[in-house]
1. Only one of (1) within 18 Å of B:Pro128 (Cβ to Cβ); (2) more than 12 Å from every other protein chain (Cβ to nearest Cβ); (3) part of a helix (DSSP H, G or I) fails for B:Phe86. Which number is that?
2. Given A:Gly249, A:Gly303, which one is in contact with an Asp or Glu (Cβ under 9 Å, 6 or more places away or on another chain) and either facing another protein chain (nearest Cβ under 9 Å) or within 30 Å of B:Pro43 (Cβ to Cβ) (or both)?
3. Hey, any hits in region B:133-155 for a residue that's closer than 30 Å to A:Glu353 by Cα, among the charged types (D, E, K, R) and free of Cβ contacts under 8 Å to residues at least 40 places away in the same chain?
4. Tell me the residue from B:Glu118, B:Glu112 that is more than 28 Å from A:Val329 (Cα to Cα), touching a Phe, Trp or Tyr at 6+ places or on another chain (Cβ under 9 Å) and at pLDDT 95 or above, please.
5. Residues of region C:40-88 being farther than 20 Å from C:Arg183 by Cβ and assigned to a helix (DSSP H, G or I), which ones?
6. How many residues does region C:80-96 contain that are more than 14 Å from chain B (Cβ to nearest Cβ) and modelled with pLDDT under 90?
7. Please tell me if A:Glu232 is away from chain C (no Cβ under 14 Å), of a type in the set (Asp, Glu), in contact with a helix residue (DSSP H, G or I) (Cβ under 6 Å, 6 or more places away or on another chain) and in contact (Cβ under 8 Å) with a residue 12 or more places away in the chain.
8. Could you tell me how many of the residues in region B:117-171 are farther than 30 Å from B:Asn63 by Cα, more than 8 Å from every other protein chain (Cβ to nearest Cβ) and β-branched (Val, Ile, Thr)?
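The values are calculated or read from the model by the stated rules, or taken from the named source; none is laboratory data. Note that the structure is a prediction, hence the values are computed from the model and not measured. Every residue, glycine as well, gets a Cβ built from its backbone with ideal geometry; the counts of neighbours run over all protein chains shown.
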Amino acid sequence: MYVAVKGGEAAIGAAHELLAKERRGALDVPELTTAQIREQLALAVNRVMCEGSVYDPDLAALAIKQARGDLIEAIFLLRAYRTTLPRFGASVAIDTSSMQIRRRISATFKDLPGGQVLGPTFDFTHRLLDPQLAEAAPAASPQRADPGDDIRAARVTALLGGQGLIEANAKADGEPPVGDLTRDPIAFPADRDLRLQALARGDEGFLLALGYSTQRGYGRTHPFAGEIRMGEVEVVFKPDELGFEVSLGVITITECEMVNQFKGSADKAPQFTRGYGLTFGHSERKAMSMALVDRALRARELGEEAVAPAQDEEFVLSHCDSVQATGFVEHLKLPHYVDFQAELTLLRQLRSEWDEARGGEAAASSRGEAAE
Amino acid sequence: MTADPAYNFAYLDEQTKRMIRRAILKAIAIPGYQVPFASREMPMPYGWGTGGMQVTAAVLGANDVLKVIDQGADDTTNAVSIRKFFAKTAGVATTTRTREATIIQTRHRIPEEQLTQEQILVYQVPIPEPLRFLEPREPETRRMHALEDYGLMHVKLYEDIARHGHIATTYAYPVKVDDRYVMDPSPTPKFDNPKMDNCPALQLFGAGREKRIYALPPYTRVVSLDFEDHPFEPTPITAKCELCGADRVFLDEIVTDDRGGRMFVCSDTDHCESRRSRVLP
Amino acid sequence: MKALHFEGQPLVSDDRPLLRAMGLSKHFGARVACQDVSLDVHEGEVVAVVGESGSGKSTLLALLSTQQLPSTGSISYRMRDGVTRDLFRLTEADRRHLLRTDWGFVHQDPRLGLRMGVSAGGNVGERLMAIGWRHYGNIRAEAQAWLERVEIENDRIDDRPDTFSGGMRQRLQIAKNMVTHPRLVFMDEPTGGLDVSVQARLLDLIRGFVSDRGLAAVIVTHDLAVARLLCDRILVMRQGRIIESGLADQVLDDPREPYTQLLVSSILQT
C-alpha cells in the first residue's frame, strides 16, 4: 500500500554531509587552505570578487573553497554575504590615472609616455602544459628593469582627449547621483552608470561572447585597445561626520579603455568614441569584454541603429547576471509536478478529442494498448 | 527554536524590511499592480523563492506561526529548506497545519482549507508579468498595463481555442483584479484560481529575481480571463484521493510501477493528513 | 476606453475638415525631414502624398498619425463626438485608442502591421478584443466576414500570415485595420513590392472600401498611377516641403511646377 513520501528533511541533512565529504576529497591529500587559493589561484579570486561585488581576497578564497571551485557558486556566496553588510556610503571616485602600474599596454601607439609594461601576463606564453608545475617548483625571481620609481602614467585617452580627438566623458560632479542597482531595481531604458554597474557584476562568459559577436559584425564598433592598465589605486572615503577624506587602503584593479568608431554630427566635430571596462583585481578578459559591450550598448545614444544582440540593452542587462541566471535555470530541478499534472490532464483531454475526431475505433486499434 | 544571534530577525536588516514593506503597502493600495522593489540577494538562489522569502521576512513577527509548502506539501525539499531558514533566523514557531498558521508561504498551490482574515498567504512567483511571453519588452508591457491595453492577452486565448478548441493555459492562468489590472497568479494550477476571489486572507506575491511585488487585499474581486462562450472552468477532478477519499481537491499522480500503474493522492498533504486523522479513532 | 461597440459612419456628413495639419516641421539634428507642411483631409476624401525617396513623405505620414512628434506645428482631428481636438494635447491613452479604432495604418511591409505568429483570425480579431469584445464566436464570425471582404478564403482563418503570399498579407493587414470601421486610414506605399496584377486587385479593394464606406485616407506613394487611381487630391513633396497640390487629375494632367512635370513625365518612360 502506498505511503505518502516523507523524509525530505532527513534527506537534506544527509545531502549536506555528503557534500562536505566530497568537498574534502581524499583524506590522504592535504586540505587546501584559503591562503593557497588566494595566492595561487588569484585569477579565480579576482573573478569572484568582481562578480561578487565585494573586494576581499580572503573571503573570495573562502567562497571558492566552500564552492568546491565552482566560481558561480562562489560568486553567489559572496553576493549573499554582501547583502548582510551595512552600507556607509560611496567612496570618492578612484583615480586610475594615478594608479601604481604593474601592467600597462596600448594597442593604439607603438610607444607612449610611461611605456608599454607587459607585467604578469599569459599573453605570448606558449600554451604548452608544463609538467614541472605538477611538482612544487622553486619560486621564480623575475628581473626588475629599474629598482626604483613606481610607474605612473597619463591615460592614452587623456592624450587623445587633449587633442580633442576623443569624446569627453560626462562630468562626474554628483549630479544626478550615480545609480545603484542593488538599491533600486533597474528600469529600462537605463542610463550608462547603471549599465556599467550591471556589466561590472555581469558574467564574464556572457560578456565575452557578446563582445566577440560585435567583432564579428553583430553591432560592429571598430574597437582599438586604447589602454589596458592594471595596478593599485587608493580608495578614499569622506564621511559626513568627519568632513575630511580618509584612506581606506589600496585595491588592485584592471581598467580597459577602448577607442571606437568615430562619430560626428551637424554640431559636433568627428571624434573617437569610448567603451569602458573596470574590474576588481587583475581580470583583463572581463575588462575588455565589458568595454566592448559598453560601447555596443551606447548605440542609441550615439545615433546608431541598434540591431544586434549586444546592442539590445534590455536583453543584455536582463541576462548578464550569473547569479540570477543560474538560479532560474537550476530552479527547473525543483518539483513542478503540480503544474505538470495540470498539463497532463489537458493533454489527455486533447488527445482523446483528437482520436474521437479522427474515428475513435480505427485510431484505437492502430495505437494498440492505450496508456489509459 | 531560538533565533541565531548572528542574524537580524528574519535575516534582512531593518532598512531592507522597511523598503519591502513600502512596496507591499503600495501593492495593496493598487491590487494586482506589480510594484518594483530592490530585491536583495538571499542565501537561496534566485528562482528558488527569494521573492516570497523577502515578503515573508518583511511581514513576519515574533509571534507568528509559519507554514511553508511547495507543490502543496510541507515535506518537499525546498519547503523544508525555507522553513528551517526562518526557524533559524527568526526563531518563529513553524507548523504544517494550515489552520494553525498565521503566515503561509507557498509555491504553486493554494491550500484546500479555507483561509481566514487572520492569515497571510505569500506566493513565490517566477515570472510576474502575465504578458511576458507575448511581449518580451518591459517598457512595452508597463505601457500596456498603464493604458489597460490587454487586447493581446485575449488574442492568446483566442488562438488557443482556434488551435485546440480550449484555452490551453492550465497553470499561471491570468486573472483580472478588481476590474483593472491583469495579473499572473503564479504557477498555481487553474484549479486554484477561484480560491483567490473574495478571499478573506491577505495575498502577497513576491518575485525576487524579477524584482516585483504585488498583492490582493482581502475580499478582492479576482476573475479569470475567458470568453463569454468559452467560460473559465477549473480543471475537473474526476478521481478521489486514495488515502483520504477527498474529491474536488487537486490530486498528485503517483506512478507506482513501470507497467502504467498509478494512483492519485491529495496534493495538499496537510489537508490529507487532517482528513485521515479525523477518520481514525 | 471600454466601449463594447463602435459606431458606424456618421449619419450626417460634415463639411469641416476631418484632419487638419498646420505648419508641421520635423528636424533630426541638422537634417530637416519636413518643413512647414499644412494640409486638410475631409471625410471620404483620399489624399495622395507623392514624391521621391527622401522627400519627407514617410515622415509626414508618421507625424500625421501621431507616431512621431513634430518639432513645430499642430494637428487637430474631429472625433466621433463631433468635437475637434488638438491631437498632441490628448493623453497617450486616447491617442492609442484612436489609432486602434477610428484610424487605420497600413504599412508598406505587412509584417510591421501584422502579428506573424498569430492566425489570420486572431490578427483581425485583435482590435475587437482590444475594445472589449468577449464572445469568441462573434469575434470569429466578424473576422471571417472581413476575410471574405478582402477576398481571403474562409479556410485560411486559422493559418498564420507567414504562410500567406505578399498580396494576401497586405489584404489581411487592411482587414485588420478595417474591422473597427475607421474613418481615416493612413497608408504607406500599400502596393510596394507587389506584382502588377496583385497591385491592381489591392487597389480595387481599397477603392471599393473608400466608395462604400466613405473612408478618408492619406496615401503615401511614389507611384503616380496609384495616386491617379485612388485619390481625389495630390500633394507633391520635395525636400520636406509641399511644392504643389490640387485635384489629382489637374496635377497629373497639367502640372505647374517643373519638378512635378518631371515626376509626371517619368511615368511615360516606365
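1. Checking B:Phe86 against (1) within 18 Å of B:Pro128 (Cβ to Cβ); (2) more than 12 Å from every other protein chain (Cβ to nearest Cβ); (3) part of a helix (DSSP H, G or I), the one that fails is (1).
2. On the way: A:Gly303 fails: in contact with an Asp or Glu (Cβ under 9 Å, 6 or more places away or on another chain).
None of the others qualify; the one that does is A:Gly249.
3. To start, the set of residues in region B:133-155 that are closer than 30 Å to A:Glu353 by Cα comprises B:133-134, B:151-155.
Filter once more, so that each one left must be among the charged types (D, E, K, R): none.
The answer is no, given that none of the residues of region B:133-155 is closer than 30 Å to A:Glu353 by Cα, among the charged types (D, E, K, R) and free of Cβ contacts under 8 Å to residues at least 40 places away in the same chain.
4. Details: B:Glu118 fails: touching a Phe, Trp or Tyr at 6+ places or on another chain (Cβ under 9 Å).
Among B:Glu118, B:Glu112, only B:Glu112 is more than 28 Å from A:Val329 (Cα to Cα), touching a Phe, Trp or Tyr at 6+ places or on another chain (Cβ under 9 Å) and at pLDDT 95 or above.
5. C:Lys57, C:Ser58, C:Thr59
6. Keep residues of region C:80-96 that are more than 14 Å from chain B (Cβ to nearest Cβ), which gives C:80-89.
Still in the list and also modelled with pLDDT under 90: C:80-82.
Looking only at that region, the number is 3.
7. Working: away from chain C (no Cβ under 14 Å): yes; of a type in the set (Asp, Glu): yes; in contact with a helix residue (DSSP H, G or I) (Cβ under 6 Å, 6 or more places away or on another chain): no; in contact (Cβ under 8 Å) with a residue 12 or more places away in the chain: yes.
Judged against the criteria, A:Glu232 is not a match.
8. 4
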